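What follows is a single structure, written as structure tokens, with notes after it.
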């Protein structure tokens with residue numbers, strides 16, 4: 001084989017080896033995940049503030065979480081300061097509680113700036129999310145007059161030591177049920193930052209009639225998620241316990257007829273099996289006896 | 001125990017030597033089986049996303065195959081049990097095949113449930129946390145009970161043949177096979193007392209497996225019937241499933257008769273009379289099956305419950321060809337072929353059986369899938385490829401693997417035991433049978 005031919009063959013072989021590698025590298029580059037990163041602010045009824053970042057990506061038109069990724073939380077807008085780094089959980093969520101003594105820089109509009117950032121890796125691109133929050137105080141008062149239950153809401157902000165109402169904002173009211181929050185209604189605050197809602201009287205509560213009433217700014221562009229929660233005896237007292245002796249399809253104890261039917265059927269069937277097995281044993285014993293007498297012979 | 005040498009030689013074609021044809025056929029089936037195993041490994045590795053099953057259609061090919069194989073099993077039990085109990089004269093060459101269909105299908109069927117379960121590691125929960133109220137628990141108890149009963153019945157029917165093979169000195173087989181025959185025959189020597197005990201046990205078990213087959217397949221039908229799903233919530237599903245099972249089992253019996261007759265040259269034993277008799281049985285069952293099918297759909301259509309109407313519209317649009325094939329062609333064509341004496345040839349009856357069994361499988365498909373594609377409330381994702389079920393190659397491969405395992409087990413059993421019962425054939429009325 002000439003040297004030229006050998007060279008061509010070796011080049012073809014080399015190319016055929018490199019081509020799949022290069023295609024693979026190209027494919028990997030092309031399939032790098034673009035994550036969605038969302039930063040949210042929460043303030044609960046105890047005035048505990050929480051920053052939460054959700055890191056996810058879209059696959060096959062479904063949103064899937066990205067667990068085990070390190071998220072950096074920052075405070076401040078132009079000049080950022082790292083608060084902490086948190087790893088996302090199985091749901092792709094990283095949460096950090098902001099201590100009450102944590103000093104937060106305020107911009108000239110009286111807003112806090114926060115950001116969270118994912119630095120990316122070989123397979124996932126980097127991502128960043130920013131929010132600005134104005135600290136709002138939400139207050140709830142519950143009154144009952146002539147059997148009419150009323151929720152009174154008030155929301156305000158403090159700016160340069162001056163209290164200012166937040167007119168036009170929407171506050172939603174919920175009551176937790178078994179699986180999710182039951183919406184009761186929503187109130188749009190007036191120019192004094194207040195609003196009222198008549199609360200229904202027919203909601204089932206616990207056995208003493210207690211209900212948890214939640215009012216909240218939900219995904220508000222200025223205030224984030226701010227919630228106020230109160231437990232009040234405004235529900236209809238309801239006894240949920242099921243008598244333990246009750247037999248039904250949905251209880252732990254099956255109906256008696258079902259147990260009896262199944263037992264009779266199984267006993268009948270297995271009794272017959274037992275008969276067949278005993279027959280086999282008798283055949284075996286009888287065969288041994290016959291063999292001892294030398295009664296059966298091998299056919300030639 | 002003594003037996004006619006010719007009879008033994010004729011009915012144990014693969015016991016002494018293995019033909020090249022046997023190896024080739026076995027290898028082909030094994031290749032399909034291996035492909036199925038590869039598909040299964042992929043499914044375990046990547047999860048059920050590799051199948052066509054999604055949020056709405058959570059039961060696909062696997063459950064269809066499960067019902068189908070379980071139906072074959074129960075029909076085998078019913079046919080062999082009834083033939084034994086009523087001492088049907090012509091039963092003898094075919095009864096063993098019916099018994100084997102019972103056990104082999106019963107072994108294969110439950111595997112499709114395992115393929116369908118997402119968390120196989122939790123399977124034992126069924127046994128440690130059973131709820132008697134759950135039809136799934138009934139089914140687990142029923143299948144386990146049935147499996148043991150059918151094995152016992154099959155074994156009882158084999159004892160005399162094992163004794164014949166044990167005592168036949170000219171049989172040129174490996175020493176381990178002789179030892180096996182000796183152990184499995186339990187020392188049976190055919191004394192009057194032993195014959196009587198064995199006959200009683202067989203009769204009791206034959207009656208028992210008929211009852212079990214009916215109950216167990218009804219339980220399987222009730223898994224569907226007790227739900228409120230459109231198309232499933234039906235009071236006649238129990239007997240309907242039982243009739244459908246016998247329909248498919250009779251069809252399979254004819255196909256197996258044809259294959260064994262052809263491959264092992266058993267023309268002397270499996271005659272046209274057997275084909276015609278089983279064929280007539282197929283026709284009668286087809287008529288009952290057609291009646292049940294018509295009753296079920298008629299009441300649903302006339303009732304005009306919204307979801308039932310949507311389902312029936314779907315069956316007559318998206319599933320039109322399958323519906324017509326399963327419920328018209330699959331029932332009427334076998335009837336026409338067998339009902340006219342002019343058409344009653346062995347190949348024609350076999351073709352009718354193939355049509356019947358294929359139609360029955362399709363019938364199972366259109367019972368399971370369209371109902372799941374018609375949910376009361378759509379679940380989360382409503383993209384079309386999630387609502388509409390399309391089986392993937394993995395589901396196809398495991399389905400073909402199931403059929404291959406069925407064939408392989410039949411072939412392996414033919415290497416150890418007679419495919420037609422020698423003891424039955426050598427009874428007094430042998431001449432009558434062979435007429």
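The values are calculated or read from the model by the stated rules, or taken from the named source; none is laboratory data. All values derive from a computational prediction rather than experimental measurement. All Cβ positions, glycine included, derive from the backbone under ideal geometry; neighbour counts span all protein chains shown.
Of all the residues that make up region B:392-435, how many are outside any helix (DSSP H, G or I) and either at pLDDT 90 or above or crowded, with 17+ Cβ neighbours inside 10 Å (or both)? Qualifying residue count for the region: 7. Among the numbered conditions (1) in a helix (DSSP H, G or I); (2) within 30 Å of residue B:114 (Cα to Cα), the only one that residue B:56 does not meet is (1). In region B:352-368, the residue that is surrounded by the most Cβ atoms within 10 Å (Cβ to Cβ) out of those that are within 22 Å of residue B:267 (Cβ to Cβ) and in contact with a helix residue (DSSP H, G or I) (Cβ under 6 Å, 6 or more places away or on another chain) is B:353. So, in region B:186-195, of the ones that are at the interface with chain A (Cβ under 8 Å from one of its Cβ atoms) and closer than 30 Å to residue B:86 by Cβ, which residue ends up surrounded by the fewest Cβ atoms within 10 Å (Cβ to Cβ)? Only one residue fits best here, namely B:193.
Among helices (runs of 4 or more DSSP H) lying entirely in region B:298-351, which contain 3 or more residues that are buried (at least 18 other Cβ atoms within 10 Å of the Cβ)? Write out each step before concluding.
Details: elements: B:306-315, B:320-324, B:330-339.
Where helices (runs of 4 or more DSSP H) fall fully within region B:298-351 and carry at least 3 residues being buried (at least 18 other Cβ atoms within 10 Å of the Cβ), they are B:306-315, B:330-339.
The set of residues in region B:159-176 being in contact with a helix residue (DSSP H, G or I) (Cβ under 7 Å, 6 or more places away or on another chain), more than 9 Å from chain A (Cβ to nearest Cβ) and assigned to a helix (DSSP H, G or I) consists of B:160, B:161, B:162, B:165. Quick one: is residue B:260 more than 30 Å from residue B:369 (Cα to Cα), touching a residue at least 12 places away in the same chain (Cβ under 8 Å), more than 14 Å from every other protein chain (Cβ to nearest Cβ) and more than 16 Å from the chain's Cα centre (by Cα)? So residue B:260 passes the test.
Do we find that residue B:216 is at pLDDT below 90, more than 8 Å from chain A (Cβ to nearest Cβ) and not in a loop (DSSP other than H, G, I, E, B) in this structure? Judged against the criteria, residue B:216 is a match.
From B:113, B:148, B:141, grab the single residue that is surrounded by fewer than 23 Cβ atoms within 10 Å (Cβ to Cβ), modelled with pLDDT of 90 or more and within 30 Å of residue B:191 (Cβ to Cβ). Testing whether each residue is surrounded by fewer than 23 Cβ atoms within 10 Å (Cβ to Cβ), modelled with pLDDT of 90 or more and within 30 Å of residue B:191 (Cβ to Cβ) leaves just B:148. Checking each residue in region A:137-163 for being surrounded by fewer than 13 Cβ atoms within 10 Å (Cβ to Cβ), over 18 Å from residue A:184 (Cα atoms) and touching a strand residue (DSSP E or B) at 6+ places or on another chain (Cβ under 6 Å) picks out only A:163.
Look at (1) modelled with pLDDT of 90 or more; (2) surrounded by 15 or more Cβ atoms within 10 Å (Cβ to Cβ) and you find that residue B:168 fails only one, number (1). Looking only at residues in region A:92-115 that are surrounded by 12 or more Cβ atoms within 10 Å (Cβ to Cβ) and in a loop (DSSP other than H, G, I, E, B), the one that is modelled with the highest pLDDT is A:92. The residues of region B:196-211 that are without any contact (Cβ under 8 Å) to a residue 60 or more places away in the chain, more than 7 Å from chain A (Cβ to nearest Cβ) and either in contact with a helix residue (DSSP H, G or I) (Cβ under 7 Å, 6 or more places away or on another chain) or surrounded by 15 or more Cβ atoms within 10 Å (Cβ to Cβ) (or both) amount to a single one, B:211. If we scan region B:266-289, do we find a residue that is closer than 18 Å to residue B:366 by Cα and assigned to a loop (DSSP other than H, G, I, E, B)? No, every residue in region B:266-289 fails to be closer than 18 Å to residue B:366 by Cα and assigned to a loop (DSSP other than H, G, I, E, B). Which residue out of A:104, A:98, A:64, A:82 is within 14 Å of another protein chain (Cβ to nearest Cβ) and either on the phi < 0 side of the Ramachandran plot or touching a helix residue (DSSP H, G or I) at 6+ places or on another chain (Cβ under 9 Å) (or both)? Unique residue meeting the criteria: A:64.
The single condition among (1) closer than 29 Å to residue A:291 by Cα; (2) more than 10 Å from chain A (Cβ to nearest Cβ) that residue B:129 does not meet is (1). Screening residue B:226 against (1) more than 25 Å from residue B:407 (Cβ to Cβ); (2) without any contact (Cβ under 8 Å) to a residue 24 or more places away in the chain leaves a single unmet condition, (2). Total residues in region A:276-293 satisfying the condition of being surrounded by 18 or more Cβ atoms within 10 Å (Cβ to Cβ) and either outside any helix (DSSP H, G or I) or more than 7 Å from chain B (Cβ to nearest Cβ) (or both): the figure is 0. Among the residues of region B:75-86, is there at least one that is assigned to a loop (DSSP other than H, G, I, E, B) and modelled with pLDDT under 90? Yes.
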